[in-house]
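The structure appears right after this line, and notes come after that.
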Amino acid sequence: MSTRGGAGKPLRADARRNREAVLAKAREIFDAGDFYDLRFDDFARLAGVGTGTLYRHFPTREALAEAVYHEEVATLCDRARELRATLPPAEALASFLRGMVGYLATYQGLARTLATLMATESGALAEGSRALEQVVADLVAAAVRDGTIRDDVGAGAVMMALHGIGAAHDRPDWRAEADDVITLVLDGLRRPSPGAHRRGNS
C-alpha cells in the first residue's frame, strides 16, 4: 500500500488515514456497482473527509479508480507469492486459480468494475495487469521446473481462461461452471505420465 504523497515524501499519519479511508469507501462503492453513479465529491462525504482532502490524494475519479485497482492487484500478487513460498508448485498454482474464482464470486461488483477498467487503454492499469500475469507466470514456471505440469502451455493461456471466467459472470450457474473451467485448465496443464500416450493408442 502506498504511503507516499505526490512529491514522493512519506505521508503524515493523519494524511495516510484519510487516504486509506477514501480508498476503503471507494472499494465498497466499487463492489456495490455504484462507482460511476456518484458525484466525485460524494466520495469525500461518504469517507468522512473534506473535499480538499479527496482532491489532494485523488485529483480525478480515474486516479481513485486506479488506486483501488492497484490495491486489489497488490493483494492478489502477495497471495500468489505467499502460496508459491509455502506450497508445492502445482498445489500453489491450483490454490491461486481456485482462489481467484472465490475472489470473483465474493467481490462480484468490484471484480466486474475492475475487469471493465482492465479493458481500457490506461497505462497504469495495463501495468497492474502485467504484474498479475507475471505472478501467474512465476507459479506456472515453478510447476514446470518441478516437472508437475507441461512446458508447452504458457501463463497467457491461463490468464485468458481467468478473463473468460470473469467475462461470463452473468451466467446463472457461473460459480459451478467457473470451478469446472479451472478443473479443466489444471487437468490440461498436468504433465502426462510416462507411457500414457502408448496406453491410449493400444
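Tabulated values for the structure
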read-out: Full-stretch length increase - D37, E127 - with 0.36 nm per residue and alpha-carbon distance subtracted; value: 29.8 nm
read-out: Environment charge at I149 (Cβ cut-off 12 Å; Lys +1, Arg +1, Asp -1, Glu -1); value: -1
read-out: For region 127-132, 3J(HN,Hα) per residue [Karplus equation, 6.51 cos²θ - 1.76 cosθ + 1.60, θ = phi - 60°, Hz, x = Gly/Pro]; value: 4, x, 4, 5, 5, 5
read-out: Cβ-Cβ FRET estimate between T86 and H169, R0 fixed at 41 Å, reported to 0.05; value: 0.85
read-out: Whole-number percent relative contact order across region 29-175, with pairs defined as alpha carbons under 8 Å at least 6 apart; value: 27 percent
read-out: Environment charge of D42, counting only residues whose C-beta is closer than 12 Å and scoring Lys/Arg +1, Asp/Glu -1; value: +1
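Each reported figure results from applying straightforward, stated rules to the coordinates on display, with no laboratory input. Please read these numbers as outputs of a predicted model, since none were measured by experiment. Every residue, glycine as well, gets a Cβ built from its backbone with ideal geometry; the counts of neighbours run over all protein chains shown.
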